[in-house]
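Working notes, beginning with the structure itself.
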Amino acid sequence: MEPAHAAQEREPWAWTSKLALRICFAYLIIYNLSFPLMIVDMDESGAAPYDVLWRPLVNWVSEHAFHKTITVLPNGSGDTTFNYVQVFIYAVFALVAGAVWALIDRRRRNDKSLYDASRILVRYVLIVAMLMYGLSKVFFMQFMAPGPVTLLGTWGESSPMHVLWTFMGASKAYTIFAGLGECLGAVLLVFRRTTTLGALVSAAILTNVVMLNFCYDVPVKLYSGHLLLMALFLVLPDAKRIFQLFIGKQPIEPADQSWRAPSRGWAIARWTLKYAFIAIAFFGVFRSNFALWQQYGEPSPKPQYYGMWDVTSQTGSGARLKQLAIDRFNATMLVYEDGHKVLAIGDFGKKSDTLKLSAKTGPVADFAVRPMPGSRLSLTGKLAGQDVSIVLQNHPLSEYPLVGRGFHWINEFPNNSL
């Protein structure tokens, strides 16, 4: 009896199917062309040179097709005007390339080999992406525990994205759980026999991610949307069979997972390249996240006076300070007795005996810092240009319910308070 894969290779395809696949393949290649660079440099800086190559064309198309001047280049946001125009150009190039390709190679009976290549490309792109985002959560890097500055803010002052980041960071266990789910999707995608299951897991996770990005205005809508479409692309061939099994309650035949290499050398080369890629990708993602964790995560050094500080006394003229929060990366928030707040960046002296605070509007304060017994600090110097002397008392972060509440098996009453 003839193997199923041999029959599939001779089965003719409709020209519309061949055209659609070639357009999709061209788009996947253009969109993911920087993907190999990301394997080597997992902080995504490898994608920057690729954007530079597109910059003149993106600027020209934006000016002439959309009558909009691009003033913001790709940055931490993946949804800039540049990104949208760039994706539009990708789509146009893919349409043209696919159409020309279909005309030149119109006699081919089917594109089974090209389809298989597309699935391999999508699988490996998803493996790296899911692993990258998964490990960033496992290392507690993407979302971090609410710090003093966040605890002093209010819901009304927060952006929707900050609310989401605070919600995720408030529970280390849930963040790690979410990351392990993404890692599971990546691992299942490694093997051909579990690709459909890995795609289903990834699609379910990515659907939630896309909804969060849209509903909380997180600027990764384009990228997460592309990843979701890639996962659905992998699910599509088995969608009908999955529906028949779970919805129609009908028996189905096992999918044909057979693959025959042209030669033994080809099989060895394929196996070697596959697992070399997987090893490099896993090692690269792990190394990058571990390095970032050491630099910015929990092991990273905090400012000496990190924490929340209540003003117990203040002498001098000018505005009266109520609280001071000193957070990671020297982010600082001052809360005044009249209620207004100032977010500033702190510059500590080499011995942490001075503190200069600067906001977007300019200098805020310049203090000499002296520790006092009983977890207190003395600040002497200028606040908003006025001479002041301030004594601060440390306020334990555990007294804030968001940090100190913890987990309880038994809750006699709901604790849903502000």
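Just so you know, all these numbers are worked out from the coordinates, no wet-lab data involved. These figures come from a predicted structure and were not determined experimentally. Glycine gets a Cβ as well: all are built from the backbone with ideal geometry, and neighbour counts include every protein chain shown.
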Sorted by chain and then number, the residues having a modelled amide H within less than 5 Å of the amide H of T354, at least 5 places away or on another chain, are G349, V369
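Report, in cubic angstrom per residue, the convex hull volume of the C-alpha atoms of region 307-396. Let's see the in-between values first.
Working: hull volume 8.2 nm³, N = 90.
Here the figure is 91 Å³ per residue.
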Near-label residues of region 196-214 by backbone N, under 19 Å of a point 7 Å along Cα→Cβ of D79: 205-214
Straight-distance crosslink candidates among lysines, where the alpha carbon sits under 29 Å from K356 and sequence neighbours closer than 8 are dropped: K302, K322, K341, K382
Give me the one-decimal nm value for the distance between modelled label points at F329 and E412, 7 Å along each residue's Cα-to-Cβ direction. 4.3 nm
Obtain the nm distance between the two label points defined at Q244 and V92 by a simple spin-label model: each point lies 7 Å from its Cα along the Cα-to-C-beta direction. 4.4 nm
Set of aspartates and glutamates with alpha-carbon distance to K274 below 17 Å, sequence-local pairs under 8 removed: D116
How long is the gain from A117 to L180 if the chain were fully straight, where each residue apart is worth 0.36 nm and the alpha carbon distance is subtracted? 19.9 nm
How large is ³J(HN,Hα), in whole Hz, for each residue of region 295-310 in order, when computed from phi with the Karplus curve 6.51 cos²θ - 1.76 cosθ + 1.60 and θ = phi - 60°, using x for Gly and Pro? 7, 10, x, 4, x, 5, x, 9, x, 4, 9, 4, x, 9, 10, 9
Cross-link partners among lysines for K240, C-alpha distance below 18 Å, same-chain residues fewer than 8 apart left out? K249
Nearest 10 degrees, 0 to 90: what angle lies between the long axis of helix 195-215 and the longest principal axis of the chain (Cα atoms)? 40 degrees
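Scanning the chain for chymotrypsin sites (Phe, Trp or Tyr not before Pro) in DSSP loops with at most 11 other Cβ atoms within 10 Å, what's the longest stretch left with none? Working shown, then result.
Values: sites that count: W155, W259, F407, W409.
Looking at the chain, 1-154 is the longest stretch - no exposed chymotrypsin sites (Phe, Trp or Tyr not before Pro) with at most 11 other Cβ atoms within 10 Å.
Grab the DSSP H runs of the chain that are 4 residues or longer, score each as -39,500 (n - 2.57), total them, divide by all residues and round the 222 nm result to the nearest 500 deg cm²/dmol.
Values: 13 runs with 217 residues, N = 418.
Rounded to the nearest 500, it is -17500 deg cm²/dmol.
Based on the inverse mean of 1/r over its pairs of different Cα atoms, what is the Kirkwood hydrodynamic radius of region 4-296, in Å? Don't skip to the answer; put the middle values down first.
Values: mean 1/r = 0.0467 Å⁻¹.
Value: 21.4 Å, from the Cα pair sum.
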